[in-house]
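K.L.:
This structure is in structure tokens; I'll ask about it shortly.
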Amino acid sequence: MNLEALIKDFEQVFGSEEKPQLFFSPGRVNLIGEHIDYNGGNVFPAAITFGTYGVVTARADKKVCLYSGNFPERGLIEFSLVDLKHTDDEHWSVYVKGVIDQFIKAGYQLKHGFNLYVEGNIPNGSGLSSSASLELLISEILDQLSDFEMEMIEKVQLSQKAENEYVGVQCGIMDQFAIGMGKKDYAIKLNTNDLSYSYALADLKDCSILIMNTNKKRELADSKYNERRSECEEALRLLQTQSNLNYLCDLKIEEFEALAPDLLQDPVLYRRAKHAITENERVKLAVNSLAKGDLQQFGRLLNQSHLSLKDDYEVTGRELDTIVELAWQQTGVLGARMTGAGFGGCAIALVQNQDIVKVQAAIAQGYEKAIGYQADFYVASIGDGTKTLSN
């Protein structure tokens with residue numbers, strides 16, 4: 001992204017009376033560990049170099065003025081810090097309002113409003129967490145403009161609460177955590193139960209992560225995401241009648257297999273819980289595989305993860321299954337799986353560098369033939385988390 005061009009775009013909308021501040025918040029890709037961040041599991045995400053940029057100046061009043069280079073048809077959006085009620089025409093500004101709302105509820109006194117020009121290169125609805133990227137961007141902006149000197153983990157937690165309580169999507173904390181706490185060249189092993197974490201060098205040797213965007217759009221709030229979460233909560237409630245646990249992922253696989261046949265007689269609840277518990281184990285194995293440099297095993301675990309998400313959790317769909325299965329057929333692909341919430345969005349493939357061009361071409365051709373429209377492809381680089389670029 002050309003920062004000078006962004007500043008010029010900002011000045012066209014808001015004028016150039018004072019020097020603006022620049023901020024960046026990345027997207028994220030989850031290497032493995034899907035739909036278990038709200039089940040107390042371990043996840044293994046990384047921030048990527050695609051993201052959301054913000055150009056900001058403080059205002060003397062309490063007004064917030066927003067403009068998106070990605071949605072110019074929405075024009076200038078305005079609201080007051082003292083009136084954050086929902087409106088019918090919020091669109092992307094709902095995430096901005098939600099974060100401001102959580103900051104105020106947490107006791108932070110916002111000194112003034114601001115003008116914000118925002119533009120990102122994360123494909124909207126791709127499953128690379130454009131919404132969480134925007135939430136962390138706003139959290140960083142509020143922190144810097146009011147000199148709160150907050151720890152990043154608090155900004156992560158307030159951003160998640162904004163999505164849960166204001167936007168109405170019952171997401172776990174993984175997306176916000178990976179985006180806020182990301183570190184160049186490292187993935188994060190995160191225990192979503194207690195938020196303990198460690199950085200793991202993502203040494204992919206002669207391979208790269210190929211992001212495959214199905215271009216099947218999906219909105220989390222309108223998907224079956226909340227339904228899956230409620231199914232897991234019901235499975236947990238039944239298992240708690242015979243076991244002392246706080247989350248599904250507190251159970252080891254053998255413990256689950258001993259309890260589940262009697263307690264989870266609903267086959268849907270059984271499959272949902274099975275995915276969470278087996279996926280949690282796959283994350284641990286994947287982290288160890290990467291630490292040992294065993295990329296073949298890492299790739300096999302990606303494949304197993306996708307099958308579990310398809311058969312047990314049922315969040316893939318025709319587009320994601322098609323693109324992943326095409327990847328599996330290609331020489332040079334060590335593994336592939338959907339990533340993100342599912343129901344569209346992106347998949348990832350671990351591909352040997354020497355084969356990326358021909359692999360991408362083959363998947364693109366096969367996907368368009370099967371689905372009727374094109375997929376997009378990106379080679380992911382692992383980058384830093386949300387940060388201030390200039391003051």
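K.L.:
Using only alpha-carbon positions, what ratio does the radius of gyration of segment 3-201 give when scaled by 2.2 N^0.38 Å? Present the calculation step by step, with values, prior to reporting the outcome.
P.N.:
Details: Rg = 16.3 Å, N = 199, 2.2 N^0.38 = 16.4 Å.
In units of the 2.2 N^0.38 Å rule of thumb, it is 0.99.
K.L.:
Need the list of lysines near residue 8 for cross-linking: C-alpha distance under 17 angstrom, and skip anything on the same chain fewer than eight residues off.
P.N.:
Cross-link targets: 19.
K.L.:
Once you place label points 7 Å from the Cα toward the Cβ at residue 268 and residue 361, how far apart are they in nm?
P.N.:
Label at residue 268, label at residue 361, 4.6 nm between them.
K.L.:
Between residue 191 and residue 63, what is 0.36 nm times their sequence separation minus the Cα-Cα distance? Round to one decimal in nm. It would help to have the intermediate numbers written out before the result.
P.N.:
Details: separation 128, 0.36 × 128 = 46.08 nm, distance 3.87 nm.
Going from the current span to full extension adds 42.2 nm.
K.L.:
Now, a different point. So what is the relative contact order of the chain, in percent, for Cα pairs below 8 Å that sit 6 or more residues apart? Write out the running numbers ahead of the final one.
P.N.:
Numbers: 807 pairs, mean separation 95.4, N = 391.
Rounded, it is 24 percent for the chain.
K.L.:
Sticking with this structure for a sec: Of the cross-linked pairs 85/387; 63/111; 63/161; 183/284, which ones have a Cα-Cα span greater than 18 Å in the structure shown? List each step's numbers first, then the result.
P.N.:
Values: 85/387 28 Å; 63/111 11 Å; 63/161 23 Å; 183/284 20 Å.
Distance filter (> 18 Å) returns 85/387; 63/161; 183/284.
K.L.:
Hey, another quick one. How far, in degrees from 0 to 90, does helix 225-239 lean away from the longest principal axis of the Cα atoms of the chain, to the nearest 10?
P.N.:
50 degrees
K.L.:
Hey, what did segment 108-221 get for relative contact order, percent, Cα under 8 Å, at least 6 apart? Show your work: numbers first, answer last.
P.N.:
Details: 98 pairs, mean separation 28.6, N = 114.
For segment 108-221, the relative contact order is 25 percent.
K.L.:
Further, regarding this structure: In 5 Å bins starting at 0, how do the alpha-carbon pair distances of segment 24-94 split up by percent?
P.N.:
For segment 24-94, the binned pair fractions read 3, 11, 16, 15, 15, 13, 13, 11, 2, 0 percent.
K.L.:
How far is helix 253-263 tilted, in degrees, relative to the longest principal axis of the Cα atoms in the chain, given as a value from 0 to 90 rounded to the nearest 10?
P.N.:
Long axis of 253-263 versus the principal axis of the chain: about 80 degrees.
K.L.:
I would also like to ask the following. Let me test this: with uniform point scatterers at the alpha carbons of segment 207-380, what is the Debye-based log₁₀ I(q)/I(0) at q = 0.10, 0.18, 0.19 1/Å?
P.N.:
-0.43, -1.10, -1.17
K.L.:
Going through segment 351-391, which chymotrypsin sites (Phe, Trp or Tyr not before Pro) have at most 12 other Cβ atoms within 10 Å and a DSSP loop state? Can you show the working numbers first?
P.N.:
Working: sites: 367, 373, 377, 378; in loops: 373.
Loop-located and lightly packed - 373.
K.L.:
Something else: Summing -39500 (n - 2.57) over the DSSP H runs of n ≥ 4 in the chain and dividing by its residue number, what mean residue ellipticity at 222 nm do you reach, to the nearest 500 deg cm²/dmol?
P.N.:
It comes out at -13000 deg cm²/dmol, rounded to the nearest 500.
K.L.:
Can you tell me which aspartates and glutamates have their Cα less than 18 Å from the Cα of residue 216? Leave out same-chain residues fewer than eight positions away.
P.N.:
314, 319, 321, 325, 368, 376
K.L.:
Given contacts defined as C-alpha pairs under 8 Å and at least six residues apart, what's the relative contact order of segment 207-380, whole-number percent? Could the numbers behind the result be given before it?
P.N.:
Values: 255 pairs, mean separation 59.4, N = 174.
About 34 percent, as a whole number.
K.L.:
Ok, one more. What FRET efficiency, computed as 1/(1 + (r/R0)^6) with R0 = 51 Å and r the Cβ-Cβ distance, is obtained for residue 112 and residue 246, rounded to the nearest 0.05? Numbers along the way, then the final one.
P.N.:
Values: r = 42 Å, r/R0 = 0.82.
Once the sixth-power term is evaluated, E becomes 0.75.
K.L.:
Taking 0.36 nm per intervening residue step and subtracting the Cα-Cα distance, what contour gain separates residue 86 from residue 389 on full extension? The partial results should precede the final answer.
P.N.:
Working: separation 303, 0.36 × 303 = 109.08 nm, distance 3.09 nm.
Length difference between fully extended and current span is 106.0 nm.
K.L.:
Related question: For the pair residue 206/residue 11, report the inter-label distance in nm, with labels modelled 7 Å from Cα in the Cβ direction.
P.N.:
4.9 nm
K.L.:
Next up: Among 96, 82, 197, whose Cα projects farthest towards the positive end of the dipole of segment 3-201, with charges put on the beta-carbon of Lys, Arg (+1) and Asp, Glu (-1)?
P.N.:
Towards the positive end, the residue furthest out is 197.
K.L.:
Do any GluC sites (Glu not before Pro) in segment 1-93 lie in a DSSP loop with no more than 15 other beta carbon atoms within 10 Å, and if so, which?
P.N.:
On the way: sites: 4, 11, 17, 18, 34, 73, 78, 90; in loops: 17, 18, 34, 90.
Passing both the DSSP loop test and the Cβ count: 17, 18.
K.L.:
Which trypsin sites (Lys or Arg not before Pro) does segment 224-328 hold that lie in a coil by DSSP with at most 13 other beta carbons within 10 Å?
P.N.:
Values: sites: 224, 228, 229, 237, 252, 271, 272, 274, 282, 284, 292, 300, 310, 318; in loops: 224, 252.
Passing both the DSSP loop test and the Cβ count: 252.
K.L.:
Under a point spin-label approximation (7 Å from Cα along Cα-to-Cβ), what is the residue 329-residue 230 distance to one decimal in nm?
P.N.:
So the label points at residue 329 and residue 230 sit 3.9 nm apart.
K.L.:
Right, something else. Please compute the volume of the convex hull spanned by the alpha-carbon atoms of the chain and report it per residue in Å³. Write out the running numbers ahead of the final one.
P.N.:
On the way: hull volume 55.6 nm³, N = 391.
Value for the chain: 142 Å³ per residue.
K.L.:
So if R0 is 45 Å, what FRET efficiency would residue 292 and residue 151 give, r being the distance between their Cβ atoms, rounded to the nearest 0.05?
P.N.:
On the way: r = 33 Å, r/R0 = 0.73.
So the FRET efficiency works out to roughly 0.85.
None of the figures in this text is laboratory data; all of them are computed from the coordinates on show. Remember, it's a predicted structure, so these values are computed and weren't measured experimentally. Glycine also receives a Cβ, built like all others from the backbone with ideal geometry; neighbour counts cover every protein chain displayed.
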